[in-house]
Amino acid sequence: MSTRTVRTLGLAAAALLLTACGSSGQIGDSGSASTAKKMVLIPGVAAEPFYISMECGFREAAKSAGYEVDVQAPAKFDAPLQTPIVTGVLANKPAAVLIAPTDDKALAGPMKQLKDAGIKVVEVDTKLQDTSIASATISSNNEQGGAKAAETLAKLVGDKPGSVLVLNTKAGTSTTDARAKGFETEIKKYPNLKYLGQQYTDNEPDQAASKVTATLSANPDLIGVFATNLNTGEGAATGLRNAGKTGAVNLVGFDASPKQVQDLQAGVVQALIAQDPATIGKVGVEQAVAAIEGKEVKRDTETDLVAITKDDASANEKYFYKQSC
């Protein structure tokens, strides 16, 4: 075989090798592109109308932006249950994860793993104390919502004196803690109302019901209850119903699930502070896409809340939460 033939074969082999390398790179890019068009939502708990409504907004916005979606939620609002979901998402390397962390400290480590893997993290509803992990946070103005609850309760009570109670979920839940804080600050403006402080229910309706019953026994002048989320609101309504105090004790709930709206219309609940979860999901997608594409991201976004009573319920139907998309 001549030297020229060897040289020709060598050049051809080199060209073939380069072509193979180029093809390999293109396959890798294609795989990355496929992965980059996936987005995951990890709500705080499964089958809750607030998070279902958020999921509806998330799905619609992500689909419009051309992203495949996945939704994975823990069976309970619980950090040990949510953590393996977060770490499990790492294997599929989506472009972004929208998450409502169930604890403002415990989820920091797992969420940082997402960020370190190049996945954009957006907080929806709840948030971490550590602000360096998420690209953006979208939530209601929860402290303002708590203040609105106190103001609404005071209007319902009028000048009548009495005690008021806050039922909270779990310590370390950023949203409900902010609502309780806003309520406590605002209720001090009304000297006829004695604030009894807050009690935690572990986000369990039966615990909320029992705590209302116990508080009524210890404080017969109980005139108002503020429940900081859906589960505590439904539980508080049950407690008042069991004690025969429906309507006699003004109940202000947070959120507008179908059951809560039904209770509002039936006079079991006197007012609801409703959020706009669908918009939270929609804006979460918008900020995630901006982060993915290297565009300007708004770090913090607060969505509207509205106080709803029986008299103006029909005018505020757009704030009612869904049970399915």
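The values are calculated or read from the model by the stated rules, or taken from the named source; none is laboratory data. The model shown is predicted, which means the values in this text are computed figures rather than measured ones. Ideal geometry is used to build each Cβ from the backbone, glycine not excepted, and the neighbour counts take in all protein chains shown. For the accessible areas, the whole protein counts, side chains as well, though only heavy atoms, and no ligand, DNA or RNA atoms are used. Shrake-Rupley method; radii C 1.70, N 1.55, O 1.52, S 1.80 Å.
Mind jotting down the distance between the C-alpha centroids of the range 191-235 and the range 81-117, whole Å?
With the range 81-117 and the range 191-235 each reduced to a Cα centre, they are spaced 33 Å.
To the nearest 10 degrees, how steep is helix 79-89 against the longest Cα principal axis of the chain, on a 0 to 90 scale?
20 degrees
Mind checking which aspartates and glutamates have their Cα closer than 12 Å to the Cα of Lys37? Skip sequence neighbours fewer than 8 apart in that chain.
By straight Cα distance, Lys37 reaches Glu68, Asp70, Glu293.
Restricting to DSSP H runs of at least four residues, report the calculated mean residue ellipticity at 222 nm for the chain, -39500 (n - 2.57) per run over all residues, nearest 500 deg cm²/dmol.
Helices in the chain give a 222 nm mean residue ellipticity of -15500 deg cm²/dmol.
For the residue pair Asp221 and Gln323, what label-to-label distance in nm results when each label sits 7 Å from Cα along the Cα-to-beta-carbon direction?
4.2 nm
Quick one: if you stick a label point 7 Å off each Cα along the C-beta vector at Ala248 and Ser210, how many nm between them?
Each label point is offset 7 Å from its Cα along the Cβ direction, giving 2.3 nm.
For the range 218-325, what does the equivalent ellipsoid look like in terms of its semi-axes, each the square root of 5 times an eigenvalue of the Cα gyration tensor, given largest first in whole Å?
Its equivalent ellipsoid spans semi-axes of 34, 14, 11 Å.
Roughly how many Å² of Thr176 are accessible to a 1.4 Å probe, to the nearest 10?
Thr176 has an accessible surface of roughly 10 Å² with all protein chains in place.
Per 0.36 nm of contour for each residue apart, how much would the distance between Gln129 and Asp311 grow if the chain were fully extended, relative to their Cα-Cα spacing?
So the chain would gain 61.7 nm between Gln129 and Asp311.
Whole number please: convex hull volume per residue, Cα atoms of the range 147-228, in Å³.
Cα convex hull per residue, to the nearest whole number: 75 Å³.
Give the residues of the range 287-302 whose amide nitrogen is closer than 12 Å to a point set 7 Å from the Cα of Ala65 in the direction of its Cβ.
Inside the label zone: 287-298.
Please enumerate, by chain and number, the aspartates and glutamates with C-alpha under 20 Å from the C-alpha of Lys105, excluding those fewer than 8 residues away in the same chain.
Those aspartates and glutamates meeting the cut-off are Asp78, Asp116, Glu123, Asp125, Asp130, Glu143, Asp177, Asp202, Asp300.
Please calculate how many Å² of accessible area the range 159-225 carries per residue, with a 1.4 Å probe and no DNA, RNA or ligand atoms counted.
Accessible surface, normalised per residue, equals 44 Å².
Do any of Lys127/Lys282; Lys38/Lys322; Lys93/Lys259; Lys259/Lys318; Lys127/Lys160; Lys188/Lys282 go past 26 Å between their Cα atoms, and which?
From the list (Lys127/Lys282; Lys38/Lys322; Lys93/Lys259; Lys259/Lys318; Lys127/Lys160; Lys188/Lys282), the Cα-Cα distance tops 26 Å for Lys93/Lys259; Lys127/Lys160; Lys188/Lys282.
Which residue fluctuates the most in the chain, going by a Gaussian network model with Cα springs under 10 Å, if the choices are Lys194, Lys245, Lys160?
Greatest mean-square fluctuation among the candidates belongs to Lys160.
What does the charge add up to near Lys211, with Lys and Arg as +1, Asp and Glu as -1, over the other residues with Cβ less than 12 Å from its Cβ?
Every neighbour counted, the sum reads -3.
Which one of Thr232, Ser163, Asn219 has its Cα pushed farthest toward the positive end of the charge dipole of the chain, where Lys and Arg give +1 and Asp and Glu give -1 at the Cβ?
Working it through, the farthest residue towards the positive pole turns out to be Thr232.
Ignoring any ligand, DNA or RNA, what whole percent of the accessible area of the chain comes from carbon and sulfur when the probe is 1.4 angstrom?
51 percent
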